[in-house]
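I have placed the structure first, in the form of structure tokens, so that the comments after it can refer back to it.
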Amino acid sequence: MDINLSKAQYSEMYKEASKGTKWWVTIPKAFLFGGLICVIGQSLMDMYLYLGLSKDNASMSVSITLIFLSAFLTGLGWYDRIAKHAGAGTLVPITGFANSVAAPALEFKTEGYILGLGAKIFIISGPVILYGTLASVLYGLIYYLFLR
């Protein structure tokens with residue numbers, strides 16, 4: 001399909017598609033929602049420590065709980081509703097990552113377990129895992145060869 005647009009038409013399309021946001025509203029909301037997620041994480045940490053878990057086990061339990069809650073809320077369709085208001089505040093690393101894994105799995109579940117769920121579950125987070133792993137190997141080699 002060949003689309004011929006003049007510079008004026010393209011400029012108009014660009015202006016329409018890139019309307020600015022109300023940053024004075026979105027930034028505080030992201031800060032508050034992200035802070036709330038962190039407060040929930042700290043509350044879970046305090047609860048697990050109170051229940052007698054060691055600091056390492058409590059930290060692991062907080063991570064597992066936040067991952068579970070994010071995936072559960074994604075499955076119910078609530079995480080996306082929260083993210084519409086919270087914006088980047090829901091991208092606090094562990095909760096946002098859990099959502100990015102769970103969301104494609106739900107989206108493609110109608111295609112079956114192998115071609116849908118299995119193939120698409122890491123569609124968003126896969127590149128993060130891949131490049132994060134490659135970067136850590138590269139940094140490890142640099143450290144081992146030059147900095148130790």
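The values are calculated or read from the model by the stated rules, or taken from the named source; none is laboratory data. These figures come from a predicted structure and were not determined experimentally. Neighbour counts are summed over all protein chains in view; Cβ atoms, including those assigned to glycine, are modelled from backbone coordinates with ideal geometry. Only protein heavy atoms, including side chains, enter the accessible area calculation; ligands, DNA and RNA are left aside. Shrake-Rupley method; radii C 1.70, N 1.55, O 1.52, S 1.80 Å.
Applying the condition of being hydroxyl-bearing (Ser, Thr, Tyr) and in contact (Cβ under 8 Å) with a residue 40 or more places away in the chain to the range 73-105 and asking which residue is nearest to LYS29 (Cα to Cα) yields THR90.
Conditions tested, residue by residue: (1) at pLDDT 95 or above; (2) surrounded by 15 or more Cβ atoms within 10 Å (Cβ to Cβ); (3) closer than 23 Å to ALA103 by Cβ.
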site	(1), (2), (3)
ILE37	no, yes, yes
GLY52	yes, no, no
PHE68	no, no, yes
ALA71	no, yes, yes
GLY77	no, no, yes
HIS85	no, no, yes
LEU91	no, yes, yes
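Give the residue that is most open to solvent (accessible area, probe 1.4 Å), with candidates limited to residues of the range 1-35 that are among the small types (Gly, Ala, Ser) and closer than 23 Å to ALA88 by Cα.
Initially, the range 1-35 is screened for residues among the small types (Gly, Ala, Ser), giving 6, 8, 11, 17-18, 20, 30, 34-35.
From what is left, the residues that are closer than 23 Å to ALA88 by Cα are 17-18, 20, 30, 34-35.
Numbers: ALA17: 90, SER18: 58, GLY20: 74, ALA30: 22, GLY34: 10, GLY35: 31 Å².
Filtering the range 1-35 for residues that are among the small types (Gly, Ala, Ser) and closer than 23 Å to ALA88 by Cα, the one most open to solvent (accessible area, probe 1.4 Å) comes out as ALA17.
Restricting attention to the range 40-50, the residues that are loosely packed, with under 11 Cβ neighbours inside 10 Å and among the hydrophobic types (A, V, I, L, M, F, W, C) total 0.
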